[in-house]
Amino acid sequence: KQEVTQIPAALSVPEGENLVLNCSFTDSAIYNLQWFRQDPGKGLTSLLLIQSSQREQTSGRLNASLDKSSGRSTLYIAASQPGDSATYLCAVRRINTDKLIFGTGTRLQVFP
Amino acid sequence: GAGVSQSPSNKVTEKGKDVELRCDPISGHTALYWYRQSLGQGLEFLIYFQGNSAPDKSGLPSDRFSAERTGGSVSTLTIQRTQQEDSAVYLCASSLVVLAGSGTDTQYFGPGTRLTVL
């Protein structure tokens, strides 16, 4: 059974800091891994999708890496801003399934 | 519309009543998913539709839950005889599956329906 864990559960940092969110999964047989942010009342926004054959993806100040063999992914946020405050979720899609298995999320607060 | 839409945004109902939740996926997306997010728990998969294939219902928690997708577009999630433990945010997502198994399909989520069962 695929289990997805995110550490830390919550993080509070001052504006401008670089930070790393961690995601680990128990079954390395995956199609892809996706990072989302969730804002209250606004559902989920897809940030980055990494295919199983890829090592990393970048979008603006965000960089996500994937080490499939060790079952780990990290989301790096550079020069954090108060607008980055949200809950960040990682989700994996196992081979031969179409559903995403989500982690429990990291609640990030960036204060001015 | 440009994104996935869901209605209603909030629903309060009494225990034992039936409810219907609606999802309008992104136009042209062939895959549609329902998830549930309960307080203190993560997002859990409920059901998945892909084209004309039989839906994957493996995540439905009980036979009180059912879903249909008419004409390959709009989907309705129905919960019969609602219980208090059904209270949650129900999220719908859609994706464009260009090549099955390619791992390239990003899921786009709607804003969700917050269901409260009194």
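So which residues in the stretch B:47-61 are touching a helix residue (DSSP H, G or I) at 6+ places or on another chain (Cβ under 9 Å) and assigned to a loop (DSSP other than H, G, I, E, B)? Full working, then the answer.
Just the residues of the stretch B:47-61 that are touching a helix residue (DSSP H, G or I) at 6+ places or on another chain (Cβ under 9 Å), to begin with: B:49, B:51-52, B:61.
The answer is B:Gly51, B:Asn52, B:Pro61.
Of the numbered conditions (1) touching a Lys or Arg at 6+ places or on another chain (Cβ under 7 Å); (2) free of Cβ contacts under 8 Å to residues at least 40 places away in the same chain; (3) under 27 Å from B:Leu46 (Cα atoms), A:Leu100 fails exactly one; give the number of that condition.
(2)
Taking the options B:Leu43, B:Leu39, B:Leu32, B:Leu60, name whichever one is within 11 Å of the chain's Cα centre (by Cα) and within 30 Å of A:Ala10 (Cα to Cα).
Values: B:Leu43 fails: within 11 Å of the chain's Cα centre (by Cα); B:Leu39 fails: within 11 Å of the chain's Cα centre (by Cα); B:Leu32 fails: within 30 Å of A:Ala10 (Cα to Cα).
That would be B:Leu60, the only listed residue that is within 11 Å of the chain's Cα centre (by Cα) and within 30 Å of A:Ala10 (Cα to Cα).
Output the residues belonging to the stretch B:63-93 that are part of a loop (DSSP other than H, G, I, E, B) and under 11 Å from the mean Cα position of the chain (by Cα). Even if it seems obvious, please write down each step before you answer.
In the first step, residues of the stretch B:63-93 are kept if they are part of a loop (DSSP other than H, G, I, E, B); the result is B:63-64, B:73-74, B:80-83, B:87.
Within the stretch B:63-93, B:Val74 is the sole residue that qualifies.
Out of A:Ser28, A:Ser53, A:Ser69, A:Ser59, which single residue is among the polar types (S, T, N, Q) and touching a strand residue (DSSP E or B) at 6+ places or on another chain (Cβ under 7 Å)?
Going through A:Ser28, A:Ser53, A:Ser69, A:Ser59 in turn, just one is among the polar types (S, T, N, Q) and touching a strand residue (DSSP E or B) at 6+ places or on another chain (Cβ under 7 Å): A:Ser59.
If B:Glu14 passes every condition in (1) more than 13 Å from chain A (Cβ to nearest Cβ); (2) crowded, with 18+ Cβ neighbours inside 10 Å; (3) among the charged types (D, E, K, R) but one, which one does it miss?
(2)
Determine whether A:Asp39 is out of contact with any Cys (no Cβ under 8 Å at 6 or more places or on another chain), surrounded by fewer than 21 Cβ atoms within 10 Å (Cβ to Cβ), touching a residue at least 60 places away in the same chain (Cβ under 8 Å) and of a type outside the set (Gly, Ala, Ser).
no
What about B:Gly101, is it within 14 Å of another protein chain (Cβ to nearest Cβ) and either over 18 Å from B:Asn10 (Cβ atoms) or at pLDDT below 95 (or both)?
On the way: within 14 Å of another protein chain (Cβ to nearest Cβ): yes; either over 18 Å from B:Asn10 (Cβ atoms) or at pLDDT below 95 (or both): yes.
Judged against the criteria, B:Gly101 is a match.
Across the stretch A:20-35, which residue is nearest to A:Cys90 (Cα to Cα) among those that are hydrophobic (A, V, I, L, M, F, W, C) and at pLDDT 95 or above? Step through it out loud before you land on a result.
In the first step, residues of the stretch A:20-35 are kept if they are hydrophobic (A, V, I, L, M, F, W, C); the result is A:20-21, A:23, A:25, A:29-30, A:33, A:35.
Then keep just the ones that are at pLDDT 95 or above; that gives A:20-21, A:23, A:25, A:35.
Numbers: A:Val20: 13, A:Leu21: 10, A:Cys23: 7, A:Phe25: 10, A:Trp35: 4 Å.
For the stretch A:20-35, the residue satisfying everything is A:Trp35.
The values are calculated or read from the model by the stated rules, or taken from the named source; none is laboratory data. These numbers were taken from a predicted model, which means no experiment stands behind them. Every residue, glycine among them, receives a Cβ derived from its backbone with ideal geometry; neighbour counts consider all protein chains shown.
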